[in-house]
Amino acid sequence: MLPCQRHLFDIPDDVAYLNCAYMSPLMKPALEAGVAGLARKAHPWELTSDKFFTGSDEFRATAAQLLDCSTDCIAIVPSASYGIATAARSLPAKKGQSVLVLAEQFPSNYYPWERRGDETGASLKVVAWPENNDWTAAVLNALTDDVAIAALPHVQWTSGGRLDLVRIGAACRKVGAALALDLTQSLGALPFSVRDVQPDFAVAASYKWLLGPYSVGLLYIAPKWQNGTPLEENWIQRANARDFANLMYTEDYDAGARRFDMGERSNFALLPAAVRAMKQLLEWNVAQISETAGALNRHLAEAAADLGFSAPAEPLRAPHYLSLRRKAAIPKELPEMLAREKVFVSVRGSSIRVTPHVYNTVEDGERLIACLRRIAT
Ligand SMILES: Cc1ncc(COP(=O)(O)O)c(C=O)c1O
């Protein structure tokens with residue numbers, strides 16, 4: 001378990017921010033790195049050509065450490081949707097085959113597959129919401145020979161339901177299905193290893209559990225897909241990009257997954273902030289982050305149970321993600337009351353999504369429970 005790390009964040013004492021799944025706060029050292037990066041643009045004469053590569057190289061190397069893969073397998077993308085669009089463009093499917101998705105999967109990991117189905121004649125196969133909350137069993141059951149691509153998350157984004165990706169990865173290989181992952185609600189907070197899961201593609205936006213800025217993300221691409229066609233063609237993906245005096249046309253791309261980088265990927269403000277945050281996650285250690293957020297959530301789940309709320313138990317639920325539900329509807333005034341009390345969670349229909357991180361204190365949790373007690377009585 002990690003001691004509380006709130007001193008690294010600019011979170012006032014009276015704010016109980018329990019909503020990392022919405023957007024994480026940028027920690028002070030990452031903000032400083034981003035501001036220093038943005039300031040570089042004030043002195044463009046100091047922005048020498050090597051600076052277009054050092055930030056990207058560092059981003060790729062740090063992301064590779066988090067994913068447990070080779071640096072060559074990382075592309076720099078602006079969003080989860082960009083990474084999923086890249087996967088959808090690369091992975092083959094045909095009429096008579098299907099693309100597997102979860103019920104109520106996040107839209108950025110649904111629309112690209114719907115379109116891929118329209119283009120290829122493949123159908124969408126939607127795994128129904130399992131009443132026992134066991135998404136792994138439901139996915140394994142649906143992984144039949146017709147599945148060409150399984151497009152899945154590690155954690156279901158509203159309920160916190162956790163998928164066992166090691167078992168699912170092995171089952172995909174057995175039926176010959178490709179595995180494309182959206183790790184936006186898990187990477188950085190739940191241990192994950194490319195070596196163990198062996199996905200074909202895996203993407204994560206930076207602004208949630210990677211504690212990074214908005215509009216940057218990382219994309220893992222397995223070696224077998226690295227010769228594919230990127231979404232964009234630009235100068236910096238090409239083999240001669242480092243030679244500014246000689247940028248004229250070449251058919252050769254830069255090595256590995258770099259050809260899939262977004263245009264203007266060398267973002268001088270965002271990349272240093274994202275790298276600083278990822279380095280901090282590595283220092284804390286993802287297993288310890290998971291344990292720390294998990295302990296807070298377990299404590300909250302117990303206290304909320306006394307007030308009539310229930311949540312799936314671990315390991316079917318990811319430790320960092322708690323979705324509290326109750327039979328009775330949630331009063332309309334709850335979001336307003338929480339905001340007045342400066343308690344921040346997501347309220348969705350009849351569930352309350354609580355997603356703490358290492359900056360949260362036991363008091364933050366107690367303040368949420370005090371609000372829930374008021375609507376329970
Ligand atoms: C599961 C999941 N994937 C992706 C995203 C973000 O998608 P994008 O980067 O396309 O905006 C979110 C945002 O809430 C999410 O919950």
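With a 1.4 Å probe and all protein chains in place, put His299, His357 in order of accessible area, largest first.
Reading off the accessible areas and sorting them downward yields His299, His357.
Report the label-to-label distance for Glu333 and Val35 in nanometres (one decimal), using points 7 Å from each Cα along the Cα→Cβ vector.
Inter-label distance under the simple model: 4.1 nm.
How high is the FRET efficiency between Glu104 and Val166 when r is their beta carbon distance and R₀ equals 30 Å, given to the nearest 0.05? Don't skip to the answer; put the middle values down first.
Working: r = 24 Å, r/R0 = 0.79.
Approximately 0.80, to the nearest 0.05.
Along the charge dipole of the chain, Cβ charges K/R +1 and D/E -1, which of Gly228, Ser290, Leu218 sits furthest on the positive end?
Looking along the dipole axis, the top candidate is Ser290.
Once you put a point 7 Å from the Cα of Val126 and another 7 Å from the Cα of Lys51, both along the Cβ direction, what distance in nm separates them?
The modelled label-to-label distance comes out at 4.9 nm.
Measure nothing fancy, just the Cα-based angle from helix 270-284's long axis to the longest principal axis of the chain, in degrees from 0 to 90, nearest 10.
60
Where does the Debye-calculated log10 I(q)/I(0) of the chain sit at q = 0.09, 0.14 Å⁻¹, using only Cα point scatterers of equal weight, no solvent?
Normalising to I(0) and taking log10 leaves -0.54, -1.19.
How much length is gained if the chain between Asp118 and Ala295 is pulled fully straight, taking 0.36 nm per residue apart and subtracting their Cα-Cα distance, in nm to one decimal?
Working: separation 177, 0.36 × 177 = 63.72 nm, distance 4.44 nm.
Roughly 59.3 nm would be gained on extension.
At q = 0.15, 0.19 Å⁻¹, what is the log10 ratio I(q)/I(0) for region 102-191, with the Debye formula run over Cα points and no solvent?
Result of the Debye calculation: -0.54, -0.88.
Note down the magnitude of the dipole of the chain about its Cα centre, charges +1 on Lys and Arg C-beta and -1 on Asp and Glu C-beta and zero elsewhere, to the nearest 20 debye.
Numbers: 39 positive and 41 negative charges, 117 e Å.
Dipole about the Cα centre, nearest 20: 560 debye.
Need the full-extension length gain, Tyr22 to His7, defined as separation in residues times 0.36 nm minus the C-alpha distance. One decimal, nm. Write down the numbers at each step before the final one.
On the way: separation 15, 0.36 × 15 = 5.40 nm, distance 2.12 nm.
In short, 3.3 nm is gained.
Rounded to the nearest 500, what is the 222 nm mean residue ellipticity of the chain from helices alone, with -39500 (n - 2.57) per DSSP H run of 4+ residues and division by all residues? Before the final figure, lay out the partial values.
Numbers: 11 runs with 130 residues, N = 377.
Mean residue ellipticity, 222 nm, calculated: -10500 deg cm²/dmol.
Let me have the relative contact order for the chain, percent, based on Cα pairs under 8 Å that are six or more residues apart. List each step's numbers first, then the result.
Values: 726 pairs, mean separation 96.1, N = 377.
The normalised contact order for the chain reaches 25 percent.
Students often get this wrong: which residues of region 56-75 have the backbone nitrogen under 19 Å from the point 7 angstrom along Cα-to-C-beta of Arg89?
73-75
How big is the dipole moment of region 311-371 about its Cα centre under a simple scheme where the beta carbon of each Lys and Arg is +1, that of each Asp and Glu is -1, and everything else is neutral? Debye, nearest 20, please. Spell out each step's value before the answer.
On the way: 10 positive and 7 negative charges, 70 e Å.
Dipole of region 311-371, to the nearest 20 debye: 340 debye.
Could you tell me what % of all Cα pairs in region 1-125 have separations over 20 Å? Walk me through the numbers before you get to the answer.
On the way: 5176 of 7750 pairs.
Everything past 20 Å amounts to 67 percent.
The values are calculated or read from the model by the stated rules, or taken from the named source; none is laboratory data. Everything numeric here is computed off the predicted structure, so don't read it as measured data. Backbone-built Cβ (ideal geometry, glycine too); neighbour counts: all protein chains shown. With ligands, DNA and RNA removed, areas are computed over all heavy atoms of the protein, side chains included. Shrake-Rupley method; radii C 1.70, N 1.55, O 1.52, S 1.80 Å.
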